[in-house]
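The values are calculated or read from the model by the stated rules, or taken from the named source; none is laboratory data. None of the values given here were measured: they were computed from a predicted structure. Backbone-built Cβ (ideal geometry, glycine too); neighbour counts: all protein chains shown.
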Amino acid sequence: MADYTEIKGNRIQYLDSDPTLTSANEGQVWYNTATGTLKGLVQLQAWSSGSPTNGARRNSRGTGTQTAALVIGGGGGNGPSTEEYNGSGWSFGGTLGTGRYGGGAAGIQTAGLFFGGSAGSNISTTATEEYDGSAWTAGGALSQARQAMNGTGTQTAGLAIGGANYPPGTPTPTFYDLSEEYNGTAWTAGGTLNSTRRKMASSGILTAALSIGGNEPTVALVEEYNGTSWTEIADLNTARTEVSGNGIVTSSLAYGGSTDGSSPGSVTSTEAYDGTSWSNKPSLATARRLGAGAGASSSSGLYAAGYNVSNTDISLTEEYNSTVNTITPAAWASGGNLPAAVYNNAGGGTQTAALSTGGDSSATPPITTNTATNEYDGSAWTSGGALPAARTDLGYFGTQTANVVSGGTPSPVGSEQSTSFEYDGSTWTSGGTMNTAREFHGGSGTLTAGVICGGGDVPGTPKNNTEEYDGTTWTVGNVINTSRRGNRNFGTQTASVTVGGASPPYTTAVEEYDGTSWASGNGIPQGTAWGGTSGILTAGLFFGGILGPGARTGVTSGYDGTNWSTRPSMADARNSLGSANATTSSADAGLGFGGYSPGTVTGTEEFTGETVSPNPASNIDVS
């Protein structure tokens, strides 16, 4: 019997620890003498959670890659909208000229194509639109109005496949076996499918494409296009309609859909095509149909939104990877509880060294404003030095051992204060006096280089004042453009971001400070006040808050210095919470604690961004 040396041409290494691994080490085998295990770096295949789309939708179309995708149109009130995925989250892109669902899509995120579909009342359209990464413009019309179709290819070499038309006043829809080809200007007739098809998946390019499954009753039929004609090839293992997919003709994925055309018939099954046959792969976490698929190959897929088994539009995203790496999705997780429930508490510090200071102990009379300070070590809270005076609605910035709280009020409905206090890790002492008394304001920076802005008592007029702190004295800075209270800040004194707040009404406004003046940035998706923050200008996080009276949220958004995109939501929707917003805090290491849920809470949640690391398998079979 041949041994490993004869098969592989080299001997297995004996090592006293695992080597430093990268994806370049795939297939490497070694024996760890310290643990007595044979190990190797092997490929893993799995779906993992991604950040949700901004809007729940069904019957939209996807195109692009896993890290640069588009979701276009759809039902559920999102017909005109487009969302862009950057590998971490979704942000709104340009709006379609004609909102619709059930069309076909092709291209990439910066050069997309969307055609056909229904603009409502089941009326099909011939409309074609082209996307340049920011805006949609009209393209050449399809020769045949239709919906329940799909497409693939590029913006200048697109392919529209099959579909159906439901003429008004006609009881029987018309199903199509035609395909059309787009040259960047006009559509011309392409090859004819071997059977009429609708509600199918597609993949590939104009001269090498697949049409996968579809129809009702469902079919497992797959056809391949060579740029001239369609040929039937290997069937899917599971017949399904309203299925999604991605890839190229020799490396495609098909996933989700329904075995009977209804939501209860939705499936989680995933199949991969290697150019010859389909094989079953790990299943989706959530069964659904009418979702949007994107991805470059069978090693990298993206499935967003859709219609779940309860006939509900959803916003969830899943990512498929065939890789040697273990991918841990971004997520919020429970941390240690505060010793006592509190809201409108100040924060500061980092995920593993945070502060919670002051705040209100209850939202119902008798309301107690407190002096309590608690310190977090990444797992548990312990008591710290008490504030010299009870305060709530404070601004805050700095670290656990060099923190500043500013303004606030001695009671929930009281007089705004101009005092500030500094914390050295054990004791609070008086700091400088602000030029403008305020509460409910945002702060960021360090003890010796901080900045605050906005604020105001709830019955009063929101403020636009800015002040800078040098560790001793407050100096007036240039005003923000949108007066607001309940805004939250992150970043440094010379690169700060203020987010949301109540103007009123609740605002989406975002502004950036360069140490001299404020400039408007791209807004958050929804007007939100009294949330939490972490990070720096080019990598920030905004989470939780309130959207309006009684409308609390756990929605989380990430900021890259230009655009906001979705992140996984907090488990507990809450407003008026404390957060770790020190300049050393990372957008991948957020912390929110306390707040109002409704009712004052003790809960702490920790946010961790996606991590990717090589995964050595133990006790592998190398024969």
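Write out, first by first residue and then by second, each pair whose Cβ atoms fall under 9 Å of each other, whose residues are 6+ apart or on separate chains, and whose first residue, in region 367-385, is over 16 Å from W428 (Cβ atoms) while the second is exposed (fewer than 14 other Cβ atoms within 10 Å of the Cβ). That search, which allows pairs on different chains as well, returns I367/V413; Y376/T382.
Within region 550-606, which residues are among the β-branched types (V, I, T), surrounded by fewer than 22 Cβ atoms within 10 Å (Cβ to Cβ) and in contact (Cβ under 8 Å) with a residue 60 or more places away in the chain? First the steps, then the outcome.
Pass one, region 550-606, residues among the β-branched types (V, I, T): 553, 555-556, 562, 566, 583-584, 600-602, 604.
Checking which are surrounded by fewer than 22 Cβ atoms within 10 Å (Cβ to Cβ) leaves us with 553, 562, 584, 601-602.
Correct list: T584, V601, T602.
The combined condition, being buried (at least 20 other Cβ atoms within 10 Å of the Cβ), assigned by TED's automatic domain parsing to the domain that holds I205 and closer than 30 Å to S279 by Cβ, is fulfilled by I72.
A Cβ distance below 8 Å, combined with a sequence gap of six or more or placement on separate chains, defines the contacts here; from region 47-67, residues that are outside any strand (DSSP E or B) reach residues that are among the charged types (D, E, K, R) in the pairs S51/R567; T53/E83; N54/E83; G55/E83; A56/D313; Q66/E319.
With respect to being modelled with pLDDT of 95 or more, over 19 Å from G291 (Cα atoms) and surrounded by fewer than 21 Cβ atoms within 10 Å (Cβ to Cβ), G158 falls outside the description. Taking the criterion of being of a type in the set (S, T, N, Q) and either closer than 23 Å to K199 by Cβ or part of a loop (DSSP other than H, G, I, E, B) (or both), the residues of region 68-100 that qualify are N78, S81, T82, N86, S88, T95, T98.
Confirm whether D377 is acidic (D, E), buried (at least 24 other Cβ atoms within 10 Å of the Cβ) and either under 19 Å from N581 (Cβ atoms) or in contact with a His (Cβ under 9 Å, 6 or more places away or on another chain) (or both). Steps first, please.
On the way: acidic (D, E): yes; buried (at least 24 other Cβ atoms within 10 Å of the Cβ): no; either under 19 Å from N581 (Cβ atoms) or in contact with a His (Cβ under 9 Å, 6 or more places away or on another chain) (or both): yes.
So D377 does not fit the description; no.
Considering only residues that are surrounded by 21 or more Cβ atoms within 10 Å (Cβ to Cβ) and more than 22 Å from E84 (Cα to Cα), which ones fall in region 126-147? Once the filter is applied, which keeps residues that are surrounded by 21 or more Cβ atoms within 10 Å (Cβ to Cβ) and more than 22 Å from E84 (Cα to Cα), region 126-147 yields L142, R146, Q147.
Given the structure, is Y396 surrounded by 24 or more Cβ atoms within 10 Å (Cβ to Cβ) and over 23 Å from N465 (Cβ atoms)? Considered against the rule, which asks whether it is surrounded by 24 or more Cβ atoms within 10 Å (Cβ to Cβ) and over 23 Å from N465 (Cβ atoms), Y396 comes out as no.
If only one of S420, S430, S426 is assigned by TED's automatic domain parsing to the domain that holds T472 and either buried (at least 23 other Cβ atoms within 10 Å of the Cβ) or free of Cβ contacts under 8 Å to residues at least 40 places away in the same chain (or both), which one is it?
Details: S430 fails: either buried (at least 23 other Cβ atoms within 10 Å of the Cβ) or free of Cβ contacts under 8 Å to residues at least 40 places away in the same chain (or both); S426 fails: either buried (at least 23 other Cβ atoms within 10 Å of the Cβ) or free of Cβ contacts under 8 Å to residues at least 40 places away in the same chain (or both).
So the residue among S420, S430, S426 that is assigned by TED's automatic domain parsing to the domain that holds T472 and either buried (at least 23 other Cβ atoms within 10 Å of the Cβ) or free of Cβ contacts under 8 Å to residues at least 40 places away in the same chain (or both) is S420.
So which strands (runs of 3 or more DSSP E) are wholly in region 520-623 and hold at least 2 residues that are of a type in the set (A, V, I, L, M) and either assigned by TED's automatic domain parsing to the domain that holds T446 or within 28 Å of T357 (Cβ to Cβ) (or both)? Don't jump to the end; show me each part of the working.
Values: elements: 532-536, 539-543, 556-559, 564-567, 589-593, 604-608, 611-614, 616-618.
Hits in region 520-623: 539-543, 589-593.
Just checking, which of A340, A390 is in the same structural domain as E468 (by TED's automatic domain parsing), surrounded by fewer than 21 Cβ atoms within 10 Å (Cβ to Cβ) and either hydroxyl-bearing (S, T, Y) or over 33 Å from the mean Cα position of the chain (by Cα) (or both)? Full working, then the answer.
Numbers: A340 fails: either hydroxyl-bearing (S, T, Y) or over 33 Å from the mean Cα position of the chain (by Cα) (or both).
The unique qualifying residue is A390.
Exactly one residue out of S618, S613, S585, S576 is touching a strand residue (DSSP E or B) at 6+ places or on another chain (Cβ under 6 Å), within 30 Å of S361 (Cβ to Cβ) and modelled with pLDDT under 95, and it is S585. Yes or no: region 242-253 includes at least one residue that is farther than 30 Å from A111 by Cα, out of contact with any Cys (no Cβ under 6 Å at 6 or more places or on another chain), of a type outside the set (K, R) and in the same structural domain as T276 (by TED's automatic domain parsing). Looking for residues that are farther than 30 Å from A111 by Cα, out of contact with any Cys (no Cβ under 6 Å at 6 or more places or on another chain), of a type outside the set (K, R) and in the same structural domain as T276 (by TED's automatic domain parsing), one finds none in region 242-253, hence no. A count restricted to region 101-131 and to residues that are farther than 18 Å from G306 by Cβ and either part of a strand (DSSP E or B) or not assigned by TED's automatic domain parsing to the domain that holds S300 (or both) stands at 13.
So, in region 161-183, of the ones that are in a strand (DSSP E or B) and surrounded by 16 or more Cβ atoms within 10 Å (Cβ to Cβ), which residue ends up farthest from the chain's Cα centre (by Cα)? Residue satisfying both the conditions and the ranking: F175.
Across region 482-514, the number of residues qualifying as surrounded by fewer than 24 Cβ atoms within 10 Å (Cβ to Cβ) and touching a residue at least 60 places away in the same chain (Cβ under 8 Å) comes to 1.
Is it true that some residue in region 449-456 is in a loop (DSSP other than H, G, I, E, B), at pLDDT 95 or above, within 27 Å of Y506 (Cα to Cα) and in the same structural domain as G501 (by TED's automatic domain parsing)? Reasoning before the result, please.
Quick first cut of region 449-456, residues in a loop (DSSP other than H, G, I, E, B) only: 454-456.
When the remaining residues are screened for being at pLDDT 95 or above, the result is 454-455.
From what's left, within 27 Å of Y506 (Cα to Cα): 454-455.
From the residues that got through so far, the ones that are in the same structural domain as G501 (by TED's automatic domain parsing) too are 454-455.
Within region 449-456 (the criterion being in a loop (DSSP other than H, G, I, E, B), at pLDDT 95 or above, within 27 Å of Y506 (Cα to Cα) and in the same structural domain as G501 (by TED's automatic domain parsing)), the answer is yes, since at least one residue qualifies.
The numbered conditions (1) surrounded by fewer than 21 Cβ atoms within 10 Å (Cβ to Cβ); (2) closer than 19 Å to K199 by Cβ; (3) in contact with a Gly (Cβ under 7 Å, 6 or more places away or on another chain) are all true for N150 except (1). When each of G471, G398 is tested for being on the phi > 0 side of the Ramachandran plot and over 35 Å from the mean Cα position of the chain (by Cα), the lone residue that passes is G471. Within region 97-119, residues that are touching a residue at least 24 places away in the same chain (Cβ under 8 Å) and charged (D, E, K, R) reach partners that are crowded, with 24+ Cβ neighbours inside 10 Å and outside any loop (DSSP other than H, G, I, E, B) with beta carbons closer than 6 Å, at six or more positions or on different chains, in the pairs R100/S118. In the set (1) surrounded by fewer than 17 Cβ atoms within 10 Å (Cβ to Cβ); (2) within 36 Å of the chain's Cα centre (by Cα), the condition left unmet by V413 is number (2).
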